[in-house]
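Peer 1: Before anything else, here's the structure in question.
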Amino acid sequence: FAPAQPPAADAWTPAHRDALARYGAGLFQARRDRLLTAAAAFEKAAKDDPLATEPLKELIRVYSQTGREPDAVRAARTVLERDPTDAATAHALARLLHDLG
């Protein structure tokens, strides 16, 4: 069983490239504690590449840090719909739901 290979860089669509750039910008902003700007970048990245889960995983963290727990729960559920074996996201969702009561 060989791991799936990512597509070659020349096979990426412009939307995918934009999503990668926005994801990187979001990481940059999040590391500098500019959480609202980071959230906007991750949201755009998730919109540009609807199959990607990484921007949504980062949104879970950013949303929970900014007090947007219902949005974090929604993002976590979306990630788990796409990848039910993601234990870290399942744990984050359980934590969020516990904190919300």
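Peer 1: Considering only residues that are over 10 Å from the mean Cα position of the chain (by Cα) and in a helix (DSSP H, G or I), look in the range 42-63 and name the one that is nearest to residue 22 (Cα to Cα). Don't jump to the end; show me each part of the working.
Peer 2: Pass one, the range 42-63, residues over 10 Å from the mean Cα position of the chain (by Cα): 44, 47-51, 63.
Next cut, in a helix (DSSP H, G or I) only: 44, 47-48, 63.
Working: 44: 7, 47: 10, 48: 9, 63: 17 Å.
Top of the filtered list is 44.
Peer 1: Hey, another quick one. Kindly provide the set of residues from the range 64-100 that are of a type in the set (Ser, Thr, Tyr), within 23 Å of residue 19 (Cα to Cα) and either free of Cβ contacts under 8 Å to residues at least 24 places away in the same chain or open to solvent by 20 Å² or more (accessible area, probe 1.4 Å) (or both), ordered by number.
Peer 2: Taking the range 64-100 first, the residues of a type in the set (Ser, Thr, Tyr) are 64, 66, 78, 85, 89.
Adding the requirement that they be within 23 Å of residue 19 (Cα to Cα) leaves 64, 66, 78, 89.
Residues satisfying the conditions are 64, 66, 78.
Peer 1: Can I ask one more? With 41, 52, 19 as the choices, which residue is of a type outside the set (S, T, N, Q), open to solvent by less than 30 Å² (accessible area, probe 1.4 Å), in contact with a Gly (Cβ under 7 Å, 6 or more places away or on another chain) and farther than 23 Å from residue 99 by Cβ? Walk me through it before giving the result.
Peer 2: On the way: 52 fails: in contact with a Gly (Cβ under 7 Å, 6 or more places away or on another chain); 19 fails: in contact with a Gly (Cβ under 7 Å, 6 or more places away or on another chain).
Step by step, each of 41, 52, 19 is checked, and only 41 is of a type outside the set (S, T, N, Q), open to solvent by less than 30 Å² (accessible area, probe 1.4 Å), in contact with a Gly (Cβ under 7 Å, 6 or more places away or on another chain) and farther than 23 Å from residue 99 by Cβ.
The values are calculated or read from the model by the stated rules, or taken from the named source; none is laboratory data. Since we're looking at a predicted model, the values are computed, not measured. Methodologically, a virtual Cβ is constructed for each residue, glycine included, from the backbone with ideal geometry; neighbour enumeration extends over all protein chains shown. Side chains included, ligands, DNA and RNA excluded: accessible areas come from the protein's heavy atoms. Shrake-Rupley method; radii C 1.70, N 1.55, O 1.52, S 1.80 Å.
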